[in-house]
Structures are given as C-alpha cells and as structure tokens.
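*Asks:* After the structure tokens below, expect a handful of questions from me.
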Amino acid sequence: MGVISAATSAQPWFVDVQVGDQIPTREFGPLTILETVRWAGFQENWARLHFDRDYVREHSGLRTFIASGAYRQALLLRVVTDWIGTRGWLRKVNVRQTSPTYEGDLMRFSGRIVEKSESPADPWLVCELQGENQDGQQIMTGRCTVTLPTRAAEPKG
C-alpha cells in the first residue's frame, strides 16, 4: 500500500489508486497567534478563546489559546484537495473535532482510501481522514467522498 500523489506530483487518476492507498501526510504549524487572529477575523469570531492567552487561562482553565475548528478543518481539506488535484472533486465531507490544538502545537493530517467505485463511469472514492498533534494525539477524524478523473477524460496532446 503506497503513498499516492502529493500536491506537487502529477494528477492522480481513478485507475491508479486502490483501497488502502494513503493520502500524503502534511504537517502544519507550530500554531501561532498570527494564524488564530487571522482566522478569528476572517470568520468574525471574536471569541477570546482563539487569541487571548491570559483570558483562557483564567476563564477556561486552558494553558493558552486554541485554534478554531474551522481553521483546522480548512487545513485538513487542503490536504485532500491538493491530493485530488485540479481535476478531482470533493463531493462530501464529515469532520469531527476530538481535541483542541493549542498555541505551539503541530497539526499532522493524513488519510487513506477505504472504498472505491467498481465503475470508471462513476469514479468515486471514500477516504478516512485523521488529524494528530506532535504527540500523536488525535485532534480530528473525518470521512470524505471524492471523484478522480478517468483516463478516458485525459486531454489529448
């Protein structure tokens, strides 16, 4: 069971992937206040939980601020969309946040193909997704359905 195309590799094709193949792992971080403030602003989420160290220590009992779930989900989906390439299609996604990501943490996202259509006429795949921090603690799980292009759709040179 090999690792399949990374974001910088060629477009993956439906015929070339199999159940059990791994989506290339990507790592992001360490989480900084700059990222959390940008995402808080982008989302208009002014919850101090995402940028105020002293406040969260005093009122939430956390050691420092945490990343927003939407930010972490965006990174996870970036891994998927980079892998499926410009001709792939993210059809469906479900994500579950399981543990917070704190200031200074790394986020490592990966996945694997768990189902594959039997018909190239409907070239879908189901992938299980995983997010972990630098200590191997699970921070997210997910599942998505993607479509990859078929060789018949390959442009003629």
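A short reminder: the numbers here are calculations on the coordinates, not readings from a lab. The structure displayed is predicted, hence computed values, not measured ones. So basically every Cβ, Gly included, is an ideal-geometry build from the backbone, and we count neighbours across all protein chains shown.
*Asks:* Of R63, R78, R53, R57, which residue is of a type in the set (K, R), over 28 Å from P24 (Cβ atoms) and touching a strand residue (DSSP E or B) at 6+ places or on another chain (Cβ under 8 Å)? If you could, list the steps in order and put the result at the bottom.
*Replies:* On the way: R78 fails: over 28 Å from P24 (Cβ atoms); R53 fails: touching a strand residue (DSSP E or B) at 6+ places or on another chain (Cβ under 8 Å); R57 fails: touching a strand residue (DSSP E or B) at 6+ places or on another chain (Cβ under 8 Å).
After ruling out the rest, the residue left standing is R63.
*Asks:* Next question, about the same structure. Which one is surrounded by the fewest Cβ atoms within 10 Å (Cβ to Cβ), of the residues in the stretch 70-89 that are touching a residue at least 40 places away in the same chain (Cβ under 8 Å) and aromatic (F, W, Y)?
*Replies:* W89
*Asks:* Let me ask something else about it. L31 versus (1) farther than 17 Å from F109 by Cβ; (2) under 20 Å from the mean Cα position of the chain (by Cα): which is the lone unmet condition?
*Replies:* In the conditions (1) farther than 17 Å from F109 by Cβ; (2) under 20 Å from the mean Cα position of the chain (by Cα), L31 misses (1) alone.
*Asks:* Check whether at least one residue in the stretch 74-88 is at negative phi, assigned to a strand (DSSP E or B) and within 17 Å of the chain's Cα centre (by Cα), and report yes or no.
*Replies:* Step one: of the stretch 74-88, the residues at negative phi are 74-84, 86-88.
From what is left, the residues that are assigned to a strand (DSSP E or B) are none.
No: zero hits.
*Asks:* Restricting to the stretch 108-124, and then to whatever is in contact with an Asp or Glu (Cβ under 7 Å, 6 or more places away or on another chain) and not charged (D, E, K, R), can you tell me which residue is nearest to H50 (Cα to Cα)?
*Replies:* Taking the stretch 108-124 and keeping what is in contact with an Asp or Glu (Cβ under 7 Å, 6 or more places away or on another chain), we get 108, 111-114.
Those left that are additionally not charged (D, E, K, R): 111, 113-114.
Numbers: G111: 27, I113: 33, V114: 34 Å.
Here the answer is G111.
*Asks:* Among Q22, Q11, which is touching a residue at least 12 places away in the same chain (Cβ under 8 Å), surrounded by fewer than 17 Cβ atoms within 10 Å (Cβ to Cβ) and closer than 16 Å to L129 by Cβ? If you could, list the steps in order and put the result at the bottom.
*Replies:* Details: Q11 fails: closer than 16 Å to L129 by Cβ.
Only one candidate qualifies: Q22.
*Asks:* If you go through the stretch 44-69 one residue at a time, how many are surrounded by 14 or more Cβ atoms within 10 Å (Cβ to Cβ) and assigned to a helix (DSSP H, G or I)?
*Replies:* Residues meeting the conditions: 7.
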